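Right, one structure below, let's go through it.
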Amino acid sequence: MLAHFGTTTLRTGAQMDHRQATRYRVSAPAFFAWQRADGTLQEAQGTSRDISERGVFILAQELPVPGTHVELDVYLPTVTGGPRSTQLHGEGTVVRTSGQGARESGFAAAVVFRTESSGPPLVEPERIQ
């Protein structure tokens, strides 16, 4: 399913999309890590809301600030229902956050993904508190 985000209404009433890549609604577990301003490594988990070849929006309670370098793993569900999932690993920059402290908060990141085997995640889920 295509998602339509990042539109601006022009004076004529038409909308212009600012996205450079098509985004798809995908709800999948995501684990991410970044370095805080004080130098400590922060790890957290969330769920992808939408994803493209150039970025992702992650729903999460803990949010890195815009401009922060972030590493993340997203585990896409299998289409066939088999036991193996596809892991997307990426690094990029947090572009914006929304809903800080709200019921549905999250962040958008410009990320270049590559696929990985179903190996261990970047962040061990049991270490997330």
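Quick note: the coordinates plus some simple rules give every number you see, no bench work behind them. A quick note: this is a predicted structure, and the numbers were derived from the prediction, not measured. With ideal geometry, Cβ positions are generated from the backbone for all residues, glycine too; neighbour counts draw on all protein chains shown.
Note on T115 and V65: the extension gain reaches 15.4 nm, defined as 0.36 nm multiplied by sequence separation minus the Cα-Cα distance. Roughly what would the spin-label model give for S98 and R25, points 7 Å off Cα along C-beta, in nm? Rounded to a tenth, the inter-label distance reads 1.4 nm. If R0 is 30 Å, the Cβ-Cβ spacing of A37 and T86 corresponds to a FRET efficiency of close to 0.35.
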